[in-house]
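Please find one structure pasted underneath; my questions will follow.
The values are calculated or read from the model by the stated rules, or taken from the named source; none is laboratory data. Quantities reported herein were computed from a predicted structural model and do not represent experimental measurements. Methodologically, a virtual Cβ is constructed for each residue, glycine included, from the backbone with ideal geometry; neighbour enumeration extends over all protein chains shown. Please note that ligands, DNA and RNA were not included when accessible areas were found on the heavy atoms of the full protein model with its side chains. Shrake-Rupley method; radii C 1.70, N 1.55, O 1.52, S 1.80 Å.
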Amino acid sequence: VQLQACGGGLVQAGGSLRLSCAASGQTFRGVNTAMAWFRQAPGNEREFVAAFRWTEYYADSVKGRFTISRDNAKNTVYLQMNSLKPEDTAVYYCAADNGIIVSTITKATQWDYWGQGTLVTVSS
């Protein structure tokens, strides 16, 4: 699976951004491929943000502010980010996996495919 993420940028606190991640490749299985967003701030480990595996999963830190969705016709997953905070500043990575199980969905090491990352900077 090849993943191409885009949509990052600079936004003021309280603002919104929408990230997109387009999937392609012979190993991409459409609706049967789980997709997710992780983020990594400088000096920090990569952390789970949200995932779509038949249903939506969110990290507590973004619940109620971020929404993950997917357009199966376009093989694209989106992350709508509202009420952004300076602590949301990070490089955001799109991930995909064909066999991930729900109990491991928040673990970066369990996802097989990764996009190149897109930088989100939230100014205070």
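Cα gyration tensor of the range 56-123, axes a ≥ b ≥ c as square roots of the eigenvalues: rounded (a/c below 1.5), prolate (a/b > b/c) or oblate?
Working: a/c = 1.56, a/b = 1.46, b/c = 1.07.
Prolate.
Return the unpartnered cysteines for the chain, using a Cβ-Cβ cut-off of under 4.7 Å.
C6, each lacking another Cys Cβ under 4.7 Å.
Next question, about the same structure. Using DSSP to call loops (not H, G, I, E or B), can you name the chymotrypsin sites (Phe, Trp or Tyr not before Pro) in the range 1-67 whose Cβ has at most 14 other Cβ atoms within 10 angstrom?
Details: sites: F28, W37, F38, F48, F52, W54, Y57, Y58, F66; in loops: F28, W54.
The qualifying sites are W54.
Output needed: percent of Cα pairs per 5 Å distance bin for the range 20-83, bins running from 0 to the one holding the longest distance.
4, 17, 27, 22, 17, 9, 4, 0
Going from most exposed to least, what order do K63, K85 have by accessible area with a 1.4 Å probe? Intermediate results must be reported in sequence, preceding the final value.
Working: K63 115, K85 80 Å².
Sorted by accessible area, descending: K63, K85.
Report the relative contact order of the chain, percent, no decimals, based on alpha-carbon pairs under 8 angstrom and at least 6 residues apart.
Contact order relative to length: 37 percent.
For the chain, give the percent of accessible area contributed by carbon and sulfur heavy atoms, probe 1.4 Å, rounded to a whole number.
Taking all protein chains in place, the chain shows 48 percent carbon and sulfur surface.
Just to be sure I understand the curve: with the Debye formula and one point per C-alpha of the chain, what is log10 I(q)/I(0) at q = 0.11, 0.17 Å⁻¹?
-0.32, -0.77
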